[in-house]
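Participant: Once you've had a glance at the structure underneath, I'll fire off some questions.
Every number here is computed from the coordinates shown, using simple stated rules; none is lab data. Just so it is clear, the model here is predicted, and its values are computed rather than measured. Counting neighbours? That spans all protein chains shown, and the Cβs are built from the backbone with ideal geometry, glycine included.
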Amino acid sequence: MTSSSHTVTESDTTSRPLTDLYGTDLDEVPFSRLCGGGRQDEDGEGCVLIAPIPGIEDAYALRDSKNPDAGTLRFTGDELRAAGLSTL
């Protein structure tokens, strides 16, 4: 099996600045429930909790709606749209 690697160079980052999505505290940020599959009920299987990350344009924090203490993942809006989440 052949593996490839990519070294990040200055030219890779000059057109899009890198932002630390995990550097912002989310303790006081209110999360909203977002359910997929057209289901917006509290017991829906496909629900997440989502909140904009303060101070970072088009960046979001996501949590499991059934287990919010399990951790928080953070994504740019482009990443979420690429994954099929169009309701931001």
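Participant: Sorted by mean Cβ packing within 10 Å, highest first, what order do the peptides 53-64, 22-33 take?
Facilitator: Averaged packing, sorted descending, gives the order 53-64, 22-33.
Participant: I want to check the label-to-label distance for Val29 and Asn67. Put each point 7 Å from Cα in the C-beta direction and report it in nm to one decimal.
Facilitator: About 2.1 nm, to one decimal.
Participant: Oh, and also: Can you check what the net charge comes to around Val48, using other residues whose Cβ is under 9 Å from the Cβ of Val48 (Lys, Arg +1; Asp, Glu -1)?
Facilitator: The answer is +1.
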